[in-house]
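The values are calculated or read from the model by the stated rules, or taken from the named source; none is laboratory data. All figures in this text were calculated on a predicted structure; none of them were measured in a lab. Virtual Cβ from ideal backbone geometry, glycine too; neighbours counted across all protein chains shown.
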Amino acid sequence: MPTPKRKAGLLHGARVYLSGPMDFVASRTAEKQFGWRNRVSQFLQAMDVTVFDPWFKPDVRGLHEYGREDVKSGDRIKDIWTFAGGKKGAQARSWCARQFWETLHIDLRMVDASDFSISYCPTNIYSVGTPHEIITATLQHKPVLFVSPPIVFPTLHKLRKHLEKDAAGAALLRQLESEIPIKENPRGIPSLWYIPLVGGENFFDGFGFASYRKRFGWHTDIPLDQHERDFPPKRPLLPFVEKLNRRLPKRWDRKLNRFVADDDWLLWDFSNQRTPGKRVETIRK
């Protein structure tokens, strides 16, 4: 008996870009092998979604290895970088810019080719590429699903307690906090600039991995698992995306004071055989 075909959801054939810090994470190696992108990719691919992951860039015809980024590529550029003046300094900086241009180019092209983006933006990690990608998607009226988790430093609190009777050590710790700076964000409030940029209904305080671990075989813990056990997401991303596969989300209209259709969600349907595409003909005969 033939296997019944699975009904395609709204995300069938959609393309999604996974945006988030890559350079200033604790470990680029761990992030590439065990980071959030691996799980989210698996989750999306089960819905027949094409995933653009900057750790695993697509092949470019005729340009072998164009824009490829490994865990050491940034280190090589940083080794060459200099603020020195003159010809040698200019040559070094020009080389650095050219080396990373390919990465910047292909990542932004993946944003261009996507229907929407998922961005993981913890407020304790410095990032420049991620805001650039978010702004690019927003200018193209593409939805950005933005994850901003709670940020706390339990080890910092333990160290403070440990140094309570050490005046010199406590003073050094306070100085360190002001120099880095170390700023907790227990409510996961995103940078205020992002709020009007992304839109109020597209913010999430976690992924909600726990509910999907058995289904996808995520048996090995990653740091985010413990974090989400300590701070269970109130608005997790994955259930939202699962619902999105069945029904398009709405946005809040302040003037009408109600939810309305969100026309940023343009998911192309190229499988409709009843209305085939038309060829654009030249006006010059």
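Observations on the model:
- The one condition in (1) under 30 Å from Leu244 (Cα atoms); (2) part of a helix (DSSP H, G or I); (3) at pLDDT below 90 that Asn124 fails to fulfil: (2)
- Put simply, of Phe203, Phe216 the only residue that is surrounded by fewer than 17 Cβ atoms within 10 Å (Cβ to Cβ) and assigned by TED's automatic domain parsing to the domain that holds Asp107 is Phe216.
- Number of the exception - Lys78 against (1) at pLDDT 85 or above; (2) part of a loop (DSSP other than H, G, I, E, B); (3) charged (D, E, K, R): (2)
- Filter pass, Thr136 being surrounded by 15 or more Cβ atoms within 10 Å (Cβ to Cβ), among the hydroxyl-bearing types (Ser, Thr, Tyr) and at pLDDT 95 or above: yes
- First in the stretch 117-142 and closer than 19 Å to Leu237 by Cβ, second anywhere and among the aromatic types (Phe, Trp, Tyr) and assigned to a loop (DSSP other than H, G, I, E, B), Cβ under 6 Å, 6 or more apart: Ile125/Phe24
- Residue-level check: of (1) touching a residue at least 24 places away in the same chain (Cβ under 8 Å); (2) assigned to a loop (DSSP other than H, G, I, E, B); (3) exposed (fewer than 15 other Cβ atoms within 10 Å of the Cβ), Asp112 misses just (2).
- Residues being surrounded by 14 or more Cβ atoms within 10 Å (Cβ to Cβ), of a type outside the set (Asp, Glu), assigned by TED's automatic domain parsing to the domain that holds Gly206 and within 19 Å of Ala113 (Cα to Cα) are represented in the stretch 145-153 by at least one member.
- Residues of the stretch 242-262 satisfying the condition of being in contact (Cβ under 8 Å) with a residue 24 or more places away in the chain and exposed (fewer than 11 other Cβ atoms within 10 Å of the Cβ): Arg246, Arg247
- Single unsatisfied condition, Ser178 versus (1) polar (S, T, N, Q); (2) without any contact (Cβ under 8 Å) to a residue 40 or more places away in the chain; (3) buried (at least 20 other Cβ atoms within 10 Å of the Cβ): (3)
- Among the residues of the stretch 146-155, some residue qualifies, meaning at least one is farther than 25 Å from Arg37 by Cβ, outside any loop (DSSP other than H, G, I, E, B), of a type in the set (S, T, N, Q) and out of contact with any helix residue (DSSP H, G or I) (no Cβ under 9 Å at 6 or more places or on another chain).
- Residue match in the stretch 60-70 (condition: surrounded by 15 or more Cβ atoms within 10 Å (Cβ to Cβ), modelled with pLDDT under 95 and part of a helix (DSSP H, G or I)): no
- For Leu224, the criteria (1) at pLDDT below 95; (2) farther than 18 Å from Tyr120 by Cβ hold in every case but one, which is (2).
- Selection within the stretch 44-62 - on the phi < 0 side of the Ramachandran plot and free of Cβ contacts under 8 Å to residues at least 12 places away in the same chain: Gln45, Phe56, Asp59, Arg61
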